[in-house]
Every structure is written in C-alpha cells, then in structure tokens.
Amino acid sequence: MTDQAYNFAYLDEQTKRMIRRAILKGVAVPGYQVPFASREMPMPYGWGTGGVQVTSACLMPEDCLKVIDQGADDTTNAVSIRKFFQRTAGVQVTEATAEASVIQTRHRIPETPLREGQILVYQVPIPEPLRFLEPRETETRKMHELEEYGLMHVKLYEDIARHGQIATSYAYPVKVEGRYVMDPSPIPKFDNPKLSDNAALQLFGAGREQRIYALPPYTQVVSLDFDDHPFEAGKAPHDCDLCGAGESYLDEVIVDDAGGRMFVCSDTDFCASRQAVGHRGRLSPEEV
Amino acid sequence: MTPEALTGGFADAPVQAARAFRAALDALSRPGVIHTVAGATPPAPLSVAAGVLLLTLADATTPVHLAGDHDCPALRDWITFHTGAPLVDAPSAAFAIGRWGALAPLSRFAIGTPDYPDRSATLIVEVDDLSATGAHLAGPGIKDHAHLSLPEVAAFRANRALFPQGCDFYLTCADRLAGLPRSTIVEAC
Ligand SMILES: [Zn+2]
C-alpha cells in the first residue's frame, strides 16, 4: 500500500521532471556532471539524498527495488531507504541482485553481474574528482571543459613516489569514453572494472553537491594509471570464510575479544546465495 | 482555446509519467531500442509518443518550439494547457517538435556551451516509419552495434562532431519512440 499523504515515490511531479531531464542529459554526455536543484528529503544528507532523488525520479509501480549499503541489505541506512520507497511508491523490494530492476547502492557494485534493463543508482558524497586539487567550482568546470587532467595524474604519481604504488583505494578516478574524468563514488577500486562495459544503466546522484551523472550500458570506463604502474583492482589474499568465494570483495570482521578475525563477502546477498547452494568457507558452521 | 485542448492528458500523471520516463530513459540509454508508450491523446499532427514525451518532460521551465505543420492552434493550446511550456522560436527551445524537414537546419538549436553542454535542445522528430534497420549506430549504450531508421545520416554525424556539445533526439512514430543521444556514432549502412 502506498501512503496517500505523499505523491508517488514522494517527490512532486515538477521536481521529478527536473531530475528526469537532468538524468537524460547525463545519459547523453556520459561522465559529465549535470547540475540539478536538489530537494530537501526526509533524511539527512549523509543518507544518500542524491541517490534517493534519482531513484524517486526513476521508480515505476512495476519495479522491484534493492538497496545496499557497503554491500549489505540489512544496515539501518539500506533498510530505511527500502521502507521509504515501499511506503511512498508501493514497489516490491528484494535482497536478490538478480530479481531487482532498480538497485540503489552506497559504496559497492554487486558481485552478481548486472543485466540489460537494470538500473544501478549510486549515492555520491563528492561528485567532483578534481575537488581536492582545486576547490573552486568555476576552475574545475574549466578543467573538464579543456580536458586539463594533468594535475590528477600528478596526484596519482605522487602516490607512487611516496608509497611505491597508487595508494588511492576508494573513489579511484576513471575516464569515461576517453573524455570526462569521473568520480565513481567511494566504491573500492576493486569494483572499478565493473563500471566499464556494464549491461546495466548506472546513475549517480549527489544531493548536497547537486549533481547527477550517468554511464549508459556498455560505456567504456578506464581507471587512470601509468604505463609503468598499470591499474590493479586489488584483492585481499583470502577466500570468504563463509562461502569460500575467491573472487569477491571481502570485509574483515573481528569475531571475538581475543582479536580473532574472519574475512567475509561484503556483498551479503552474493555470500548468502552461495551458501544456500552448498558453498562453504573456512569458518562455515558444520553441517548438521 | 478549443475544448479538445483540455483533453488528452495523463489521467494518472504520477504513474503514467513514471512509466513514460522509463521508456524515454531506456530509449536514450540504448540507442536502437524502440519502446511503445501510452497515456496521451494529443490533437493532430502530434503523435501519441511525442505527446507522451512532452507531458513527461516539459513544463513552464522548458521552452518548446513547434516546427512546420506542428505549429498549429490546436497543438499550441494543448501544450500550453497540459504543460504550461512557453512556445518559442528555435534558438530558445529546450524541446523542439516537428517533422525532419521542418526542424532543419539543426544549427538553429542550442547545443549547450563548452562548460555546460547540458544546456542544449532535445529534438522530437516525427517520422512515418520507425524500425531497428538502416543507419549503423555505435557508442555508449550499444553493445556492438545497432541500427535505426534515421531520416538522414550527415546531420547526425555533424552533431556527433560537436560532442560533448550537441542536440539529443527522440524519433517518434504513432505510439512508438526511439532515442539518439549526441554520443552516438552514426554511419550509413
Ligand atoms: Zn562469501
């Protein structure tokens, strides 16, 4: 049941039209940050109001929505957003990546490959990849216009000089279709290869910064790197202790007061689905 | 204002606009894919699909240009009543609607600026035939390549050469639509 005190999916029609037009411009110019007039949402900025507004503008009654926070469906943030759209749009919800038509995410790309027709909506805190180099919006806009991305390369190269490798491990900058440098939101760089050539439509919403950008399906996305220091997605030298997956992104979890630890998939749906079909890891409970 | 101007809009705007937007979004995200839409019954010569696009995307903040036969009293009244969009000349338009010959030359329309390429016009091109055949399409949204029955090739190639500036297009035919963003590389087949 939808709550009739609200418009469908909460936002009023004029606001949704404005956001929808911005999304379409983003699709037409992949990686370019489209300004939009962000609205107050009934949740704090840190909760992904940009993503929520994009999701609100996209949802239709037939959708099945999944919401993840750092890969998990059951955090307070994910549960709140899911309930918000259940109540205001009456959509079905799911934790299964394959069942969802729209997935809103904070800081991860699901392990299960996405398919055509799915939409992945990212919550973005800082959309401007050049912001830490240049605080002035007029200047960063000029840099994008002129493709002046040399400073970004200098920053990454300083990492190499200092650490022997590129130390940036989250929000690792990418170049879209050889044109715009884009911040992929604070996903681990492990997820960067999934940005490129993805069958799903990827939409990015930054509420406080009032920017929307997009990657249409099968868009070519390259992580910035150097000939002598090529991009490496990085992978912990462990398998998941619960499902045994060797190729998923892992969270380290402290399991007891003695400092015992385990490594588990950050994508809870992926891990649970593997366990459900019999995959086991180092610390899986014994079969009964 | 004619009585027929008052009819033909969405009966349930929030839900019908949501479905229409998803069709428009998917069409622009995957050039060559054709969607069928519903919910608008505009006066001639506007197609159902073009009417649905206007009801979904246009409002008082988006000036609309009507080209050629589409610039008629019935249509002016209908758009004014249902969207509140100001009707303007080509250079000021956020959306332009007409047949291909009436929209030409495309150089009349806004292509955005180098720093704000989003400040550009979207052209809704009414066509007699719409099918996934003909011109060869490649670029974002397209797995390998796609085909779309475009009215010509040269104008779309010239538009692509302006990237990231340029116009974006919807092709509409009765209740069906396809999208062609400025990013698409068009070649004759
Ligand atoms: Zn696992």
Note to self: Probe of 1.4 angstrom, ligands and nucleic acids ignored: what's the accessible area per residue over chain A, in square angstrom?
What the structure shows: 42
Next item on the list: Would you give the gap between the C-alpha center of segment A:219-234 and the C-alpha center of segment A:1-75, rounded to a whole Å?
Entry: 31
Checklist line | Global size of segment B:85-189 as Cα Rg and Dmax, reported in angstrom | finding: 13.3, 40
Next item on the list: Please give the per residue accessible area of segment B:3-187, computed with a probe of 1.4 Å over protein heavy atoms only, in Å².
Entry: 36
Check: Residues with amide H under 5 Å of A:L250's amide H, sequence separation 5 or more or different chain, H placed in the peptide plane at 1.01 Å from N; which?
Finding: A:A236, A:S266
Check: Can you give the average number of partner chain beta-carbon atoms within 10 Å of each beta-carbon in peptide B:112-118, as a whole number?
Finding: 6
Notebook entry, point to check: Can you work out the FRET efficiency for the pair B:T113 and A:K235, with r the C-beta to C-beta distance and R0 = 45 Å, to the nearest 0.05?
Noted result: 0.60
Notebook entry, point to check: So what is the 222 nm mean residue ellipticity for chain B from helices alone, if each DSSP H run of at least 4 adds -39500 (n - 2.57) and you divide by all residues, rounding to the nearest 500 deg cm²/dmol?
Noted result: -7500 deg cm²/dmol
Note to self: With equal scatterers on the alpha carbons only and no solvent term, can you work out the Debye log10 of I(q)/I(0) for segment B:104-143 at 0.16, 0.27, 0.31 1/Å?
What the structure shows: -0.70, -1.00, -1.00
Check: For A:95-103, what's the mean count of beta carbons from other chains sitting within 10 Å of each residue's beta carbon?
Finding: 0
Check: Nearest 10 degrees, 0 to 90: what angle lies between the long axis of helix B:73-83 and the longest principal axis of chain B (Cα atoms)?
Finding: 90
Check: To one decimal place, what orientation-averaged projected area in nm² is obtained for the convex hull of the Cα set of segment B:3-187?
Finding: 9.5
Note to self: For a Förster distance of 35 Å, can you work out the FRET efficiency between the beta-carbons of B:K143 and B:V88, rounded to the nearest 0.05?
What the structure shows: 0.40
Checklist line | Amide hydrogen neighbours beyond the local backbone of A:Y122, cut-off 5 Å, H modeled | finding: A:T105, A:L203, A:F204, A:G205
Margin query: Would segment A:214-267 count as rounded, prolate or oblate if I go by the C-alpha gyration tensor, calling it rounded below 1.5 in a/c and otherwise prolate when a/b exceeds b/c, oblate otherwise?
Written below: prolate
Next item on the list: Provide the net charge surrounding A:P127, with neighbours chosen by a C-beta distance below 13 Å and charges set as Lys +1, Arg +1, Asp -1, Glu -1.
Entry: 0
Check: Helix B:48-57 versus the longest principal axis of chain B: what is the Cα-based angle in degrees, 0 to 90, to the nearest 10?
Finding: 90
Check: Applying the Karplus parametrisation 6.51 cos²θ - 1.76 cosθ + 1.60 with θ = phi - 60° to the phi angles of segment B:180-189, what ³J(HN,Hα) value in whole Hz is obtained for each residue in order, glycine and proline being reported as x?
Finding: 9, x, 5, 6, 6, 8, 9, 9, 5, 9
Item checked: Integer Hz, Karplus 6.51/-1.76/1.60 couplings in order for segment A:177-182, x for Gly and Pro -> 6, x, 10, 8, 7, 9
Checklist line | Buried on assembly, segment B:137-157 (at least 50 Å² less accessible surface than by itself, 1.4 Å probe) | finding: B:P140, B:K143
Next item on the list: May I ask for the distance between the Cα centers of segment A:101-155 and segment B:163-183, given as a whole number of Å?
Entry: 25
Checklist line | Principal-axis tilt of helix B:13-29 within chain B, Cα atoms, nearest 10 degrees | finding: 20
Item checked: Gain in span if fully extended, A:R282 to A:Y157, counting 0.36 nm per residue against the direct Cα distance -> 41.1 nm
Item checked: Helix-derived mean residue ellipticity, 222 nm - over chain A, DSSP H n ≥ 4, -39500 (n - 2.57), to 500 -> -8000 deg cm²/dmol
Check: Quick one: Cα centre-to-centre distance for segment A:266-288 and segment A:78-97, in angstrom?
Finding: 25
Checklist line | Residues with amide H under 5 Å from that of B:E126, placed H, sequence gap 5 or more | finding: B:G98, B:R99, B:W100, B:T172
Notebook entry, point to check: Hey, got the average number of other protein chain Cβ atoms within 10 angstrom for residues in A:55-62?
Noted result: 4
Next item on the list: Provide the descending list of Cα extents for chain A along its principal axes, expressed in whole angstroms.
Entry: 61, 58, 36
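The values are calculated or read from the model by the stated rules, or taken from the named source; none is laboratory data. Nothing here was measured: the structure is a model prediction, and the numbers come from that model. No Cβ is skipped: glycine too gets one built from the backbone with ideal geometry, and neighbour counts run over all protein chains shown. The accessibility values were calculated without ligands, DNA or RNA, using every heavy atom of the protein model including side chains. Shrake-Rupley method; radii C 1.70, N 1.55, O 1.52, S 1.80 Å.
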